[in-house]
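K.L.:
Before I ask anything, here is the structure I am working with.
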Amino acid sequence: MLAAAVPRPDRRQRNEMFACVSDTTTTISCDVFDTLLHRDDRAESSRFRTIAELVSQRLVGEHCVAIDPRLVWRTRIGVQRAAYRAVELATPDGDVRFADLVAVTATILGLEGRQAAILREAELAVERQQLRPNRPFLTWLAEQARAGRRVVAASDTYHDGATIEHLLDTLAPGHPVAAIYTSADLGATKRSGALFPALLRAEGVRADQVLHIGDDALADVAMASAAGLKTLHLVRPRHIRIRRKADAVRARVERVLSHRNGFLWSRGAALT
């Protein structure tokens with residue numbers, strides 16, 4: 001199976017993508033985050049921090065409920081870590097669901113009804129703010145769709161397909177993605193290899209008819225190839241990956257400080 005590494009969305013990338021498509025390719029499957037939609041250079045923990053700040057602001061402004069954003073932040077991270085540990089033990093091929101993460105976080109924070117809904121709304125608002133459409137790639141996919149090939153999305157994520165559809169429709173209106181398969185919906189991940197057979201069954205195609213494209217060397221290349229799909233590895237620029245790793249380290253230090261000293265540092269400001 002073909003696995004090509006492409007460093008950036010330029011002419012070389014287009015040539016590699018066209019080289020991967022053959023007359024027998026009927027379906028193109030794409031990863032979502034950092035492939036169809038690019039994240040910025042912030043790490044996940046920093047994203048959760050921004051979400052926590054927005055949640056805290058909205059709770060005060062709309063419901064006169066004061067919850068320290070540090071508590072929201074730590075709770076969100078803790079709930080997700082516990083959920084993934086539980087899934088790993090109980091159903092290794094499965095994934096957690098965003099609705100469950102929100103429900104448990106709300107219970108711990110003592111939020112109900114509209115207050116609890118703010119947790120979900122804030123997370124999606126931050127996703128919309130920090131994601132950008134990969135326009136050169138989406139343009140190429142649209143060309144492939146016009147040529148008669150079906151374009152689908154396949155993502156390892158706690159979000160369901162409806163949420164991914166909302167993000168794509170909002171950030172990349174007119175996109176060519178015809179169907180969305182997520183690990184949260186299917187209870188099967190790309191990383192375990194279980195999502196790809198489920199996708200093939202749902203689409204009614206053979207593995208050799210599908211080209212899968214994504215940024216993760218294990219989930220999008222190794223496991224897709226093992227399932228018989230052709231693959232194309234699209235990697236983010238090195239400087240983005242370096243800045244994201246640095247931000248992850250900074251976020252871990254901030255989390256330790258928030259426990260020890262009561263400080264939570266934002267980008268350019270401190271919340272005390």
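K.L.:
Excluding SER183 itself, what net charge comes from residues whose Cβ is under 12 Å from its Cβ, given Lys and Arg +1 and Asp and Glu -1?
P.N.:
-3
K.L.:
Next up: Specify whether the C-alpha gyration tensor of the range 63-206 places it in the rounded, prolate or oblate class, a ≥ b ≥ c being the square roots of the eigenvalues: rounded for a/c under 1.5, otherwise prolate if a/b is larger than b/c and oblate if not.
P.N.:
The shape class here is oblate.
K.L.:
Next up: Hey, can you rank 209-217, 56-64, 118-126 by average C-beta count inside 10 Å, highest first?
P.N.:
209-217, 118-126, 56-64
K.L.:
In addition: Relative contact order (percent) for the range 20-143, with alpha-carbon contacts under 8 angstrom and 6 or more residues of separation?
P.N.:
On the way: 85 pairs, mean separation 42.7, N = 124.
In percent, rounded to a whole number, it is 34.
K.L.:
Based on the alpha-carbon gyration tensor of the range 134-178 and its eigenvalue square roots a ≥ b ≥ c, which shape applies: rounded if a/c is under 1.5, prolate if not and a/b is larger than b/c, or oblate?
P.N.:
In terms of gyration-tensor shape, prolate.
K.L.:
Sort 200-206, 157-163 by the packing proxy (mean of other Cβ within 10 Å over each peptide's residues), most packed first.
P.N.:
On the way: 200-206: 14.0, 157-163: 18.9.
Put in order of decreasing packing, that is 157-163, 200-206.
K.L.:
What's the extension gain from ALA179 to ASP100 if we count 0.36 nm per residue and subtract their Cα-Cα distance?
P.N.:
26.1 nm
K.L.:
Local charge sum around VAL55 (other residues, Cβ-Cβ under 13 Å, Lys/Arg +1, Asp/Glu -1)? Please report the intermediate quantities before stating the final value.
P.N.:
On the way: positive: ARG47, ARG49, ARG58, ARG70, ARG74, ARG76, ARG114, ARG120; negative: GLU53, GLU62, ASP68, GLU121, GLU123.
In short, +3.
K.L.:
While we're looking at this one, here's another question. Show me the ranking of peptides 222-228, 111-117 by mean Cβ neighbours inside 10 Å, starting with the highest.
P.N.:
Values: 222-228: 19.7, 111-117: 14.3.
Result, highest mean Cβ count within 10 Å first: 222-228, 111-117.
Values in this text are rule-based calculations from the coordinates and carry no lab data. A quick note: this is a predicted structure, and the numbers were derived from the prediction, not measured. Positions of Cβ are generated from backbone atoms using ideal geometry, with glycine treated the same way; all protein chains shown enter the neighbour counts.
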